[in-house]
Structures are given as structure tokens and as C-alpha cells.
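Below: one structure, written as C-alpha cells.
The values are calculated or read from the model by the stated rules, or taken from the named source; none is laboratory data. Keep in mind the model is a prediction, meaning the values are calculated, not measured. Here Cβ is always computed from backbone atoms with ideal geometry, including for glycine, and neighbour counts include all displayed protein chains.
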Amino acid sequence: MTDTITVEVRPDHLKSLASVKRPINAITELVWNSLDADASQVDVLLEKRYAETLSSIRVSDDGEGMSHDDAFPAFQGLGGSWKLSTQYTKSQSRLLHGKAGQGRFRAFALGGHVTWNSRFRTNGKVNRIIIQGYAENLGEFTLSDTEPSDIAKTGTEVIIESLHHPQIQTLLTESTFQQLMESLAPYLMKYPQVCVTYDGRQVDPKAVQDSHKEYSLPDLTLEDGRIVQSALTIVEWKIKNERSLALCDENGFTLAERSPGIQAPGFNFTAYLKSAHLRELHAQGLLQSEDMIPVVADLVESARQIMKTHFRERAAEKTRDVVLDWKKQDVYPYKEEARGPLETAERQVFDVCAVNVNEYLPDFETSDPKSKKFSLRLLQLALQSGPRELRRVLEEVLELPKEKQAEFAQLLEKTTLSAIINASKLVADRLEFLKGIEVLIFDTDIKKVLRERRELHRLLAENTWLFGEEFNLSVDDQSLTEVLRQHLHLLGRDESVESPVKCEDGSTGIVDLMLSRRIPQPRAEEREHLVVELKRPRAPVDDDVVKQIKRYARAVAADERFRYARAKWVFWAVSNDISESVRDDSTQKGRPDGLLIEDREGRYTIWVKTWGEILESCRGRLSFFQEHLQYSADRESSLEYLKKVYEKYLPEHLRSAEATKTSSTLALEHSPAPSELE
């Protein structure tokens, strides 16, 4: 026999809770739920089917579990959690992480079916209950009767099945493991008796931590007179990581993340900005977007200034340590103290160059003292002589290790140094563009003035790789008739198109972007076309947009000139948000999330997409290269990149004075169409 638990919260709010940008965020929430239940052991198991594809996720713990009576208040509402009345866990008095009672709904961001098997102790006996829920009906859970447990220990196991998050495979990557470790690091270092494993590996921050240092930030005064106190912890890692600035509560629990926004070559780190006020803002939903309110912007800026000073000093420390070791070995070329500022500056330049040589050439530090002394002396003479001699010394005397020379030579046999540089520049430019387009689309002030056709449309037309590397632009802001012409041309059929292609209502329709690719198969003439309908960021994909894209799809399906040419048609409607009715229609059981319509004859499909999904997919494709390039794009650098390359397509207040003047002149000569001003 089972009971039904009905959640007393609006469905749209539950859907927002069951949505996360990165899958690891949902996993982290489930781990926190376990730790708040006094678990000392938490295991995240990623179950795979063929070809390393995830099939289900299990998060199990040895916590206190949840009884039948506990289940009703825990699942019925939000914000009424027992955690609100205390700061500590029930039996082990550890600091609590969550207090809003929202964590359990995050599991539905990963899969459509979630089961809680919970074991609890009553009157000396261990019993269990089973709770189940489905993504298509977030407002209702089934609760089993209490029955004896065949396992003698208390605890909870969460099983997530029917996985559907578009980035679910990222849970198998090394960077995801590192992200979990960074989120849990302050807690696990505070409570070393707690053990968390992820896919069989222990999450142990101390094992890969190089150093950590605490700083106090200047107090801030709010408009209501309250004082905001904050601190910064900088943890340096022995392994490569995706550098981040974590916004945390006063106990170091991560609430949101930002780019660190600084350059620190040679250092892998995570900075934790801690403040009780950040917890308050998080509870109000003010930390979730990239737009920072003034107090958060001030805290982040203070943190960045401290980080800059910290890593400048750490770089100097590394240099001093290396130089001191060279002096002990009697290989350092400067014997006397510097006389005057000129010699001091020369010595500082030498130290920087020499330490870089030491780090870049592994064989240098292990060479015998005589060779090391000779090399450092040559470097000193080269610096004193000039840059040309310095380059010759670096190239001919302080040679690369033999294995590195061989690797470099093999690479140059297949490509050129120029091509290597160009490839790195291409990835760096795409990272900057990706961050820049994210700012344009999500920044509260910018998206209000960003125009659909003259600005956003033009930027995307020149960067169709956002939608997939395999697609090429075929039609840009033209009619369905031109779509037909290009379609036939791509199939090698340069037929004349006399009569226009029309929709059901007699209109011809204007397509924003049509991208095309050849489908690899024996019939090489078959094509796949992606038609993208772009909406300005502040306009959601609603029923009117869906009606419009349906007209296009049906016009293509109905016109015999399309019908008898072999092709697959995919239509996307893209914006920042999706209306509730459209989201309901595009999240049906038994088909992929976002699929709105699939033609019975297989001629076309219609999807709804958010910019968040598209950008996250791009970020996933570029993450490998970003990690190996150690390149970080921030808001300022990305906007500068857009100004440099695409200034004429940016909103006027983001352009230079000269570009704005030119734009204003053009605007007087050519007044924009009404659709451009909407």
C-alpha cells in the first residue's frame, strides 16, 4: 500500500528547481543532503552501459535516513525544513549546508525517474521506506509503507534513472571530479572524518592541495546601515583545474561561481569568497545570474585585488626560493649585492628569465652544477648584450630536452608552427566570443537594447560553429523561396524556381538562419538542414513563435519541390526563455527534452532551445582545449574582443566613440524597420 505526497508549491517553481546548468551541480546538492543527514560516508556511483554511456546514477550514504513521518513535511513544501531552526546536524553537530529544502528536486534535472530508498532506526530496529517521483509530475510523490530493512545500517540511497540532461556525459570527465572536490574542499578539510567517493575515487582535497591562505576583506556598509563582513580563502592545487571564484556563505559552502578575472600564470587555484550576506542573497535568488548586484560586485572586486597581490607575491616567492638554491649551489652569476636601481632592475629581469627557463626545461634543474653555472652565465651575458643574443642563447645553448625536441619535430612534419599558433588563436577567439555572446544575451542592461536582426542576428551569421562544427551557412535572413533554391543547389540540381514557396496563410516567410550539412551515408546527395528562428533575449519562445516556425515547417513539407529532394529538416526556436505552455509541450515522456514536434513521415522535427543550453554545449566542446591552453576568458576581455572584431554589430553604448558616431550617421540615412526595433 502506498501514500501520495502532494507538493504544496507552484509547478513553475518546481520546474525551475529541477533545472541546473551543469549536471555536477545536482550531484553536489545530493551529496550535501547526505552530509546534512549526518552521513560519514557518501558514495556517488555512475552506472554505465555500452560505450561508457551513463545509464543511471546512485548516491548512497550512511546517514540517519528518513522515516515515514519525516517524508511528508520534507517533500510537501519548501522552506519548511527542520534545518531552519538550527545551524548544526542532529547527532554529530556538524555545520549544515542547506536550509531551503530544495536539494531533492535538483535530481530531476538529471533524470526523469528518481527513487529514494531510506533506512531509519525506530525503537532499536532499522526500517525502510521507498519514495518515488517522476519529472513529468514534479508535484506528486508516492510513499511506501514502513517495512523492516534487510540492511542493518541506516542511510539513504538516491537512484536517478531515465537520464536526460544534455550534458550528462560530462559527469565522467576529470574536470567534473575536480569541480566536486573544489565545492566540498572547505567542508572536507574541516571534517576529515567524512569520506566522499565519486565513481570509485575518494574526494580528498588535501592530497592535491599545494597551499591555502586566508585573507580578511574590508567591511562594506549597506544602504540600511548593516555591516557586511567577508573573507577570502585561496587554495592552490598541485593539479590542473578550472580556476574559479566561489561565492560562499560564512562557512565556506559554495553558493555560486564566477570567473576569477585575473591572470596568474603557473598557478592552479580556487578562491573562496565567504560572507553571511552572500547566503542571504542566495536565498533571495540574487546569485544565480551572471549579473552582479552592487554589493556582490564590490565584494568580487575586493577579492580580485587581493588575488592579484597574492599571486604576485607567490610568484616572487618562487623566484626567491629558486635563486636562493642556486646561490647555495654556487651557480648564480651575481656574486655582489646590486649597486643602484639599474643593477637591481637588471637582476630582477635575469631572475624572471632564469626561473622561467628552470620551469620550462626539466633537464636544466637536474643537470650538474658546472653545466648549470655555465648556462646561467651565458644567459646573464645575453641579457647584458641585447635581445638578439638572448634569443640565440635560449635557442642554441639552453636547448629543449631531447624528448621535447622529438615531439616538436614530429609535429612540424605534419603541420607548421604558424598553423599551431593559428589553431591556438582560433580556440582562444572562440572562448572569447562564447563569453562575449553570453554577456550580450544574459546581461540585464545589454539584453534590453540588443536588437534581433541588426546585431544578434549578424553576430551569429558569422559564427555558425555555435550550432555545430559540421554546419555551414546556406541562407541568412531570406525567404523560403531562397531556402528552396539553396537546397536544390546543394543537391547539385540548379533548377529555376519560378513560383514562390508559401505558408498556409499565403505568406512567404523570412528564415533567420539556414545551416546545412551532408549526412555521411552511401547516398551522398542526402542533406540535413538546420533552420534557426532567433528571438531577441528578452522575448521568450511562446505559442506565437511556435506557430510561426510550424508554418515554415509545414510549408517545406507541403511543397512538392522540397518533398522529392532527399533531405532532413530540423527547425530550432531559440531565446533566453521558454513559456510555460511551450515547455510543457516540449518535455513529454518518451521523447528527448526540447523536441516539440516530429513529423510522422520523418520529414521534419521542431525543437525549442534556450541560449543557456546552446552555450553550455559549445562550452563542453571547447573545454578540453581550454584546459590544455590554460586560457580564461572573462567579461572585460570578451567584450573587448567583440569590440575589436564585431564592433559594428554591438549595441551603441558598447561601441567606441568613432563607431557610435558612424552608426548614428547610418541610422539617419537608413531608418530601421519596425521588426528591428521590437
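Out of L172, L163, I need the residue that is touching a residue at least 60 places away in the same chain (Cβ under 8 Å), over 13 Å from W116 (Cα atoms), aliphatic (A, V, I, L, M) and surrounded by fewer than 18 Cβ atoms within 10 Å (Cβ to Cβ). Which one?
L172
Is it the case, given these coordinates, that G252 is part of a loop (DSSP other than H, G, I, E, B), of a type in the set (G, A, S) and over 29 Å from A315 (Cβ atoms)?
The answer is no for G252.
Take the residues in the stretch 568-612 that are crowded, with 17+ Cβ neighbours inside 10 Å and of a type in the set (S, T, N, Q), then tell me which one is farthest from K447 (Cα to Cα).
T605
Restricting to the stretch 108-130, what's the tally of residues that are closer than 17 Å to G65 by Cβ and of a type in the set (G, A, S)?
Let us first name the residues in the stretch 108-130 that are closer than 17 Å to G65 by Cβ, namely 114-130.
Going one step further and asking which of them are of a type in the set (G, A, S), we end up with 118, 124.
Residues in the stretch 108-130 being closer than 17 Å to G65 by Cβ and of a type in the set (G, A, S): 2 in total.
Can you confirm whether K240 is in contact (Cβ under 8 Å) with a residue 24 or more places away in the chain, closer than 30 Å to L434 by Cβ and of a type in the set (K, R)?
yes
Looking only at residues that are touching a Leu at 6+ places or on another chain (Cβ under 9 Å), modelled with pLDDT under 90 and not small (G, A, S) in the stretch 100-159, which one is surrounded by the most Cβ atoms within 10 Å (Cβ to Cβ)?
Out of the qualifying residues, it is F105.
Where in the stretch 505-615 are the strands (runs of 3 or more DSSP E), entirely inside, with at least 2 residues that are modelled with pLDDT under 80?
Hits in the stretch 505-615: 510-518, 527-534, 567-575.
Only one residue in D351, D321, D325, D368 is on the phi < 0 side of the Ramachandran plot and touching a Ser or Thr at 6+ places or on another chain (Cβ under 8 Å), so which one is that?
Only one candidate qualifies: D351.
Of the conditions (1) at pLDDT below 95; (2) over 21 Å from the mean Cα position of the chain (by Cα), F177 satisfies every one except a single condition; which number is it?
(2)
Does Q229 satisfy the condition of being of a type outside the set (G, A, S), at pLDDT below 90 and not assigned by TED's automatic domain parsing to the domain that holds N33?
Against the criterion (of a type outside the set (G, A, S), at pLDDT below 90 and not assigned by TED's automatic domain parsing to the domain that holds N33), Q229 does not qualify.
Quick check: is even one residue across the stretch 129-145 within 27 Å of T254 (Cα to Cα) and in a strand (DSSP E or B)?
yes
Would you mind finding the one in P218, P186 that is in contact with a Gly (Cβ under 7 Å, 6 or more places away or on another chain) and touching a residue at least 12 places away in the same chain (Cβ under 8 Å)?
P186
Check D321 against each of (1) under 24 Å from V439 (Cβ atoms); (2) of a type outside the set (K, R); (3) modelled with pLDDT under 90 and name the one condition it does not meet.
(1)
Mind checking which residues of the stretch 268-301 are buried (at least 16 other Cβ atoms within 10 Å of the Cβ) and not aliphatic (A, V, I, L, M)?
N268, F269, T270, Y272, K274, S275, H277, R279, H282, D298
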